[in-house]
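Undergrad: I have a structure I would like to understand better, so I am pasting it below and will then ask my questions one at a time.
The values are calculated or read from the model by the stated rules, or taken from the named source; none is laboratory data. Because the structure is predicted, anything quoted here is derived from the model rather than measured. Heads up, the Cβs are rebuilt from the backbone with ideal geometry, glycines too, and the neighbour counts pull from every protein chain shown. Each accessible area value is taken on the protein alone, full model and side chains, heavy atoms only, with ligands, DNA and RNA left out. Shrake-Rupley method; radii C 1.70, N 1.55, O 1.52, S 1.80 Å.
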Amino acid sequence: MGPVEFIQSADVTLSEKLLEVVYVIIGLVCIYAAVRNLRDRTNEKRVGTAVFWGVLGLLFVIGRWIPSELVGALVIVMVLPTIFRQVGAGVDKLRPTEAETAGGFEAIGTKIFIPAFSIGVVALVFALFTKISSLVGITVGVLLGMVILAVLRPKKNGPRVFLEDSRRMLDTVGPLIMLPTLLAILGATFTAAGVGDVISEIVGAVIPQGNLVVGIVVYCLGMAIFTVIMGNAFAAITVMTVGIGAPFVLSLGADPTVVGSLALTCGFCGTLMTPMAANFNIVPVAILEMGDEYGVIKKQVVPALIMLAFQIVMMIVLVAL
């Protein structure tokens, strides 16, 4: 199905069509970052950087419409500059000075949280009251936030500012921005390859059959540990539920709604303790220019362990007692 047939087809939902629009917007921003870096002579790695962002943007824009083999080849081309450490950023000439930052704070103050808050609110509205993907809701929330910022400071916040700040954020985060996506793909690959069945055989040889409490403890700990390895609870839950959750917890009559929601929360505890969750624990460090690369994780480990213990006890109380 080509792009025109896709848009006109009654079999394709509105959510799917809007999601493609979101991907095109993301792709165009990446391509803009590629062009800006290619023209930036202060960037010693400008060619490799342009290749990485350009191919990534191209995949977002046309990836759906080209053969899978070509997509795979482009992915290989995209990661080559990263492997050879040829992705970087030039001199940030648009970085606000301290005086400009202070002026922005005096002009807006705590109203700066309004556009950030609007993103979450719009995403929730889309998730609760529509059948449209929450990713589309987040995008609409971002656009609304841009409008609010433009209204708050009309002479300072124009379209070019938003575009340049998007490019600056991509330069700051770098190839790590692809890590959550790649980890989610890895989780699906593990499940399809039967890793869950292997885990089930290993766990079945260790823990006693028919003991729901032990099954819950192993399942919850497995979710946290596998998330630490994978960096993504949504990727881990498919593997761990196939390997442990289904045979050792759900098969004994446990409520799947309670088990599923608490298992994900246990996975999120693992998210707080791993650098693999780059979007939570590494990207903010880069954006905020913190001195300690693992400073966020160090502060989160103890609360994460406490919450993990609480989630395990809660699942036992709600399911096994």
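Undergrad: Sort through M307, M276, M314 and tell me the only one that's open to solvent by 10 Å² or more (accessible area, probe 1.4 Å), hydrophobic (A, V, I, L, M, F, W, C) and part of a loop (DSSP other than H, G, I, E, B).
TA: Exactly one residue qualifies, and that residue is M276.
Undergrad: Which of the residues that make up the range 1-45 are over 29 Å from A123 (Cβ atoms) and within 25 Å of the chain's Cα centre (by Cα)?
TA: Passing the criteria: V35, N37.
Undergrad: Considering only residues that are under 30 Å from the mean Cα position of the chain (by Cα) and free of Cβ contacts under 8 Å to residues at least 40 places away in the same chain, which ones fall in the range 189-223?
TA: T189, A192, A193, G194, G215, V218, G222
Undergrad: Another one. Would you kindly identify the helices (runs of 4 or more DSSP H) lying entirely within the range 177-256 that contain at least 1 residues that are farther than 30 Å from G88 by Cβ, aromatic (F, W, Y) and open to solvent by 60 Å² or more (accessible area, probe 1.4 Å)?
TA: Per the criteria, 179-192, 233-240.
Undergrad: Being surrounded by 11 or more Cβ atoms within 10 Å (Cβ to Cβ) and in contact (Cβ under 8 Å) with a residue 12 or more places away in the chain is the filter here, so list the residues in the range 93-104 that pass it.
TA: Answer for the range 93-104, where residues must be surrounded by 11 or more Cβ atoms within 10 Å (Cβ to Cβ) and in contact (Cβ under 8 Å) with a residue 12 or more places away in the chain: L94, G104.
Undergrad: Then there is this: Scan the range 58-91 for residues that are of a type in the set (S, T, N, Q), open to solvent by 60 Å² or more (accessible area, probe 1.4 Å) and in contact (Cβ under 8 Å) with a residue 24 or more places away in the chain and jot them down.
TA: Q86
Undergrad: Then there's this: What helices (runs of 4 or more DSSP H) lie completely within the range 75-168 and have 2 or more residues being outside the structural domain of I26 (by the TED database), β-branched (V, I, T) and within 30 Å of E20 (Cβ to Cβ)?
TA: Passing ranges, in order: 113-129, 134-152.
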